[in-house]
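Engineer: Okay, handing you the structure first.
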Amino acid sequence: MAFVQAIAHAYARRQMSPAQALAQAQIAPSLLSDASARITAAQMEAISGAAMRELDDEALGWFRRPLPWGSYGMLARASLSAPTLGVALKRWCRHHGLLTGDIDLHLLTSEGVASIRLAERAVDGPIAPDGPLREFCLVSVLRNILGLACWFVDSRIPLLGAQFPFGPPAHAEAYRVLFDGPTAFHADAAAIHFDARYLALPLKRDEAAMNQMLQRALPLTVLPYRRDRLLVQRVRQLLASQPLDALNAEGLAAQLNLSPRTLHRQLKDEGASLQALKDEVRRERALTLLQRTAKPIKQVAEAAGFQNEKSFIRAFKGWTGMTPGEWRGQERIR
């Protein structure tokens, strides 16, 4: 309800009434004073869309200058021809600065992590430190760009974390829904962080898809994608970096911010399975150790995640048609 209160505040700044927008979203005006009240994603879409049109401001009062209807659509179109998501996001951040000087958006990468960082520049406008629209602005801008990024590449982009330069609000538990990674407060700036490999994904959308999406763009900001086009790579990386015998579906899913059922379903959608990926990582680890070290077969079996040497030899013969000792001897001859 805090975000609905922020929209009502935007109306008040323009000396207008939010009554019609509340009615369209079927939100009782009395709920505006109920801090514990909640709304659905459909209600959020309805009141946001109505308010944007009535106020002629797609930013809903966040900035000192309104953003006329179609502003964010223009940004999306300007990024559509980009070859990769990374290029599209850089364009979005750069072009957003042409719409308003109240915030700066930057795409940064460091050690395999991509970050979209929002820096506030307004000191006396709607997003001043004590302004009721500030939280709504920072959350919405980051949700908007994340939603569009997911739509561009037709993939879920799971967050490694989000951060905000204010203390935890009374409704802080809602951030677990808004941002699927851990959220930190009292940060120096607002930002979201995700695996930088998503930046290399090609855009999957065309002009026709853009026209259709813009008819109902708001759901992108509240409804997360299910498909993850990099899930197989992320699972393989986790398996390769940890002891295989210590990882089960529950533990792996928790590290990916998924349920075990969702993990299995999404892997199946990608034409893979957890067991097949484990076997692949075991095989690669075993071959590397046999080729590059002098470890005894028993130690190689343990390092590859097998319970005993016998089961390792049986699996290895299935992979190569040879025992580990025979394969190692052949590699040395080469």
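None of the figures in this text is laboratory data; all of them are computed from the coordinates on show. Treat the numbers as computed from the prediction; the structure is a model and nothing was measured. Please note: Cβ atoms are built from the backbone with ideal geometry, for glycine as well, and neighbour counts cover all protein chains shown.
Engineer: If R₀ is 51 angstrom, what is the calculated FRET efficiency for the pair Gln307 and Val87, using the beta carbon separation as r and rounding to 0.05?
Structural biologist: Between Gln307 and Val87 the formula returns 0.60.
Engineer: Could you derive backbone 3J(HN,Hα) for the range 189-194 from the dihedral phi with the Karplus parameters 6.51, -1.76 and 1.60 (θ = phi - 60°), listing whole Hz in sequence and x where the residue is Gly or Pro?
Structural biologist: Residue by residue, the range 189-194 yields 7, 7, 6, 10, 10, 8 Hz.
Engineer: How compact and how long is the range 231-333, expressed as Rg and Dmax of its alpha-carbon atoms in Å?
Structural biologist: 14.9, 47
Engineer: Stretched out fully, how many nm does the piece from Ser110 to Glu270 gain, at 0.36 nm a residue minus the Cα gap?
Structural biologist: Contour length minus the Cα-Cα distance gives 54.8 nm.
Engineer: Specify the inter-centroid distance of the range 1-76 and the range 152-177, based on alpha-carbon positions, in whole Å.
Structural biologist: Centre-to-centre (Cα) distance: 20 Å.
Engineer: Sticking with this structure for a sec: What lysines does Lys204 reach when the alpha-carbon gap must be under 25 Å and sequence neighbours fewer than 8 apart in one chain are set aside?
Structural biologist: Filter leaves Lys90, Lys268.
Engineer: Oh, and also: If the reach is capped at under 25 angstrom between alpha carbons, list the lysines near Lys295, excluding any in the same chain fewer than eight residues apart.
Structural biologist: Leaving aside lysines fewer than 8 places away in the same chain, those within reach of Lys295 are Lys278, Lys310, Lys317.
Engineer: At 24 Å minimum axial length over the Cα atoms and a Kyte-Doolittle cut of -0.5, report the qualifying DSSP H helices in the chain, or say none.
Structural biologist: Passing helices, by number: 134-153.
Engineer: Using the C-alpha gyration tensor of the range 51-191, what are the square roots of 5 times its eigenvalues, in whole angstrom, with the largest one first?
Structural biologist: Taking √(5λ) for each Cα gyration eigenvalue gives 22, 21, 14 Å.
Engineer: Would any residue of the range 181-215 have its amide N under 18 Å from a label point 7 Å out along Cα→Cβ of Asp154? List them or say none.
Structural biologist: Output list for this probe position: 198-214.
Engineer: Put a dot 7 Å past each Cα toward the Cβ at Glu280 and Gln255; how far apart are the dots in nm?
Structural biologist: Modelled inter-label distance: 1.6 nm.
Engineer: Check Ala184: other-chain or 5+ apart residues with amide H under 5 Å from its amide H, H built from backbone geometry?
Structural biologist: Long-range HN contacts for Ala184: Ala162, Gln163, Phe164.
Engineer: Only one of the values (i) 31, 22, 21; (ii) 38, 27, 15; (iii) 49, 20, 18 was calculated from this structure for semi-axes √(5λ) of the Cα gyration tensor in Å; name its label.
Structural biologist: (iii)
Engineer: Assign one of three labels to the range 1-55, namely rounded, prolate or oblate, based on the Cα gyration tensor with a ≥ b ≥ c the square roots of its eigenvalues; rounded applies when a/c is under 1.5, prolate when it is not and a/b is larger than b/c, and oblate otherwise.
Structural biologist: In terms of gyration-tensor shape, oblate.
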